[in-house]
Amino acid sequence: MSSNSGTFQRRKIALAVYLPTFLFATGEAAVIPVIPVIAKNLGADLASAGFVAAMLTVGIVMGDIPSGSFVSRVGERMAMLWTSAVALVGIALAIFAVNPVMLGAGMFLIGLATAAFALARHAFLTTYVPFEFRARSLSFLGGMFRGGAVAGPLASAGVIALLGDPKSAFLLTAVFTLATIFV
């Protein structure tokens with residue numbers, strides 16, 4: 001064991017890594033179930049609605065490689081902040097979308113932001129966690145992401161039921177993304 005590994009406590013990185021991960025994942029997951037519904041409400045047919053929904057994943061896949069360069073240039077914490085801001089731009093595009101193309105562009109930006117945020121949080125964790133605790137810390141990080149994937153749709157279902165508009169899920173996503181920035 002290294003000298004600092006005996007004093008490492010997971011709660012030291014909870015506010016820097018775990019809570020932002022949970023918040024960001026909750027916000028992202030809040031909109032996933034309603035993207036096709038919103039696309040259809042904007043005039044998309046079934047195939048186009050599926051394509052618009054896929055733009056989130058396309059953004060993640062296309063953002064994975066350039067994210068490494070971005071994170072190494074600006075650092076992990078700044079990358080998490082900047083990508084949260086990019087996600088807010090994507091959310092704004094989606095909220096004010098007047099057609100499926102605009103909604104798809106918003107989803108693509110959120111996907112790009114998600115790719116860089118994920119890489120930054122993993123890099124941050126592996127930088128600050130001693131090797132002896134890294135596997136458990138990464139596993140806990142995965143749990144935060146999965147917890148957000150469960151909490152997001154549940155929260156958006158409540159907000160949509162309350163406000164009656166599927167686009168209100170994006171307001172919830174914006175709130176969680178802003179909370180990520182502030183944390």
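Would you check if there is a residue in the range 132-140 being open to solvent by less than 30 Å² (accessible area, probe 1.4 Å) and either closer than 26 Å to Ala47 by Cβ or not small (Gly, Ala, Ser) (or both)? No, the conditions are met nowhere in the range 132-140. Checked against the criterion of being part of a helix (DSSP H, G or I), at pLDDT below 95 and small (Gly, Ala, Ser), the candidates Ala47, Ala16 yield just one match: Ala16.
Conditions (1) over 17 Å from Arg121 (Cβ atoms); (2) open to solvent by less than 80 Å² (accessible area, probe 1.4 Å), marked per residue:
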position	(1), (2)
Lys40	yes, no
Asp45	yes, no
Ser48	yes, yes
Ile60	no, yes
Gly68	no, yes
Gly75	no, yes
Phe96	yes, no
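Looking at Ala25, is it in contact with a Phe, Trp or Tyr (Cβ under 8 Å, 6 or more places away or on another chain) and closer than 27 Å to Val129 by Cα? Spelling it out, Ala25 is indeed in contact with a Phe, Trp or Tyr (Cβ under 8 Å, 6 or more places away or on another chain) and closer than 27 Å to Val129 by Cα.
What do you reckon, is Phe117 within 11 Å of the chain's Cα centre (by Cα) and part of a helix (DSSP H, G or I)? Yes: the conditions hold for Phe117. Only one of the listed residues (Ala53, Ala25) is modelled with pLDDT of 95 or more, under 24 Å from Val183 (Cβ atoms) and either under 18 Å from the mean Cα position of the chain (by Cα) or open to solvent by 60 Å² or more (accessible area, probe 1.4 Å) (or both). That residue is Ala25.
Just one residue in the set Leu93, Leu103, Leu112, Leu81 is within 22 Å of Val150 (Cα to Cα) and either part of a helix (DSSP H, G or I) or of a type outside the set (Gly, Ala, Ser) (or both); that residue is Leu112.
Within the range 141-172, restricting attention to residues that are under 16 Å from Pro36 (Cα atoms) and in a helix (DSSP H, G or I), the residue that is most open to solvent (accessible area, probe 1.4 Å) is Ala157.
The values are calculated or read from the model by the stated rules, or taken from the named source; none is laboratory data. Everything numeric here is computed off the predicted structure, so don't read it as measured data. With ideal geometry, Cβ positions are generated from the backbone for all residues, glycine too; neighbour counts draw on all protein chains shown. Surface areas here come from the heavy atoms of the whole protein model, side chains and all, with no ligands, DNA or RNA. Shrake-Rupley method; radii C 1.70, N 1.55, O 1.52, S 1.80 Å.
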